Amino acid sequence: MTTADFWEQRYASTQVWSGRVNQTLAEVARGLVVGSALDLGCGEGGDAIWLARAGWQVTAVDISTNALERGRAAAEAARVPSGRIEWVAADLASWRPAGTYDLVSACFLQSPVSLPRTEILRRAATAVAPGGSLLIISHAEMPPWANDHHHEHADFLGPAEEVAALGLDSRDWDVVLAEVRERDAVGPDGASARLKDSVVRARRARND
Ligand SMILES: C[S@@+](CC[C@H](N)C(=O)[O-])C[C@H]1O[C@@H](n2cnc3c(N)ncnc32)[C@H](O)[C@@H]1O
């Protein structure tokens with residue numbers, strides 16, 4: 001099964017995620033100057049919609065058109081001004097950002113099917129504008145509702161491993177956050193669990 005087929009099927013019939021913003025993303029974004037944002041693997045758009053409502057100009061990319069359709073509908077329902085979110089259906093394995101962004105985020109960009117995650121994140125770092133932030137939030141360990149396929153493909157990196165994998169040049173980047181945060185969550189099938197998130201934020205130096 002291809003990556004696109006897997007995710008299209010995953011999103012085919014019912015809403016998968018809560019539709020709410022990831023709390024850590026909201027906390028970080030509240031401390032930033034509003035500008036342009038790139039949301040990698042945006043899913044059904046919970047983060048993109050929250051950012052857009054907070055005034056960000058958002059480019060939201062996902063491989064699943066089903067997920068993007070749900071995101072578009074949710075944005076309309078939330079009265080997000082038209083044009084505030086550009087929804088892009090693309091495989092991040094080959095997609096190249098056209099410009100630079102004040103915030104590039106990847107929230108739970110993890111997949112039980114093939115995903116060149118490190119390559120995507122390294123490329124995404126090059127799309128962070130001077131003074132901008134790269135924010136990566138991910139499962140530091142497998143959520144209980146993930147199936148065994150996750151063992152084969154998904155990367156569950158702690159913050160230090162994530163930072164090392166990014167290979168950021170310390171002359172150009174400051175890692176301002178690299179920690180594990182715990183939170184209570186409810187999975188797609190209604191089961192509750194306490195999860196460990198790896199949170200990494202790196203800030204790119206300004207040009208001046
Ligand atoms: C675990 S979900 C996270 C969704 C969302 N960011 C969130 O926090 O709820 C991972 C997302 O990455 C997307 N994805 C996986 N592989 C991808 C790829 N190669 N290119 C683009 N999107 C991809 C999936 O379609 C899915 O929406």
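Numerical summary
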{"item": "Yes/no for Val104 being closer than 24 Å to Val33 by Cα, more than 9 Å from the ligand (Cβ to nearest atom) and either assigned to a strand (DSSP E or B) or touching a Cys at 6+ places or on another chain (Cβ under 8 Å) (or both)", "result": "yes"}
{"item": "Sole residue being in a loop (DSSP other than H, G, I, E, B) and at pLDDT 95 or above, chosen from Ala52, Ala48, Ala93, Ala29", "result": "Ala93"}
{"item": "Restricting region 130-146 to residues that are part of a strand (DSSP E or B) and under 17 Å from the mean Cα position of the chain (by Cα), the residue that is surrounded by the most Cβ atoms within 10 Å (Cβ to Cβ)", "result": "Ile136"}
{"item": "Residues being more than 10 Å from the ligand (Cβ to nearest atom), surrounded by fewer than 19 Cβ atoms within 10 Å (Cβ to Cβ) and hydrophobic (A, V, I, L, M, F, W, C) - total across region 1-31", "result": "3"}
{"item": "Odd one out for Val80, checked against (1) assigned to a loop (DSSP other than H, G, I, E, B); (2) out of contact with any His (no Cβ under 7 Å at 6 or more places or on another chain); (3) within 13 Å of the ligand (Cβ to nearest atom); (4) β-branched (Val, Ile, Thr)", "result": "(3)"}
{"item": "Filtered residues of region 83-101 (kept if polar (S, T, N, Q) and within 12 Å of the ligand (Cβ to nearest atom))", "result": "Ser94"}
{"item": "Matching residues in region 107-134 - criterion: being of a type in the set (Gly, Ala, Ser), out of contact with any His (no Cβ under 8 Å at 6 or more places or on another chain) and within 14 Å of the ligand (Cβ to nearest atom)", "result": "Ala124"}
{"item": "Some residue of region 46-58 being closer than 21 Å to Tyr101 by Cα, of a type in the set (Val, Ile, Thr) and within 12 Å of the ligand (Cβ to nearest atom)", "result": "yes"}
{"item": "Per-region count, region 187-208, residues aliphatic (A, V, I, L, M), more than 19 Å from Gly158 (Cα to Cα) and not in a loop (DSSP other than H, G, I, E, B)", "result": "0"}
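For (1) more than 26 Å from Arg206 (Cβ to Cβ); (2) among the basic types (Lys, Arg), each residue gets a yes or a no:
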{"site": "Val88", "(1), (2)": "yes, no"}
{"site": "Arg96", "(1), (2)": "no, yes"}
{"site": "Ser105", "(1), (2)": "no, no"}
{"site": "Ser114", "(1), (2)": "yes, no"}
{"site": "Arg123", "(1), (2)": "no, yes"}
{"site": "Ala129", "(1), (2)": "no, no"}
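A quick yes/no check of all residues on (1) out of contact with any Pro (no Cβ under 9 Å at 6 or more places or on another chain); (2) buried (at least 16 other Cβ atoms within 10 Å of the Cβ):
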site	(1), (2)
Ala48	yes, yes
Ala52	no, yes
Thr59	no, yes
Thr65	yes, no
Ser82	yes, no
Ala106	yes, yes
Gln110	yes, yes
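The values are calculated or read from the model by the stated rules, or taken from the named source; none is laboratory data. These numbers were taken from a predicted model, which means no experiment stands behind them. All Cβ positions, even for glycine, are placed from backbone atoms using ideal geometry, and neighbour counts span all protein chains on display.
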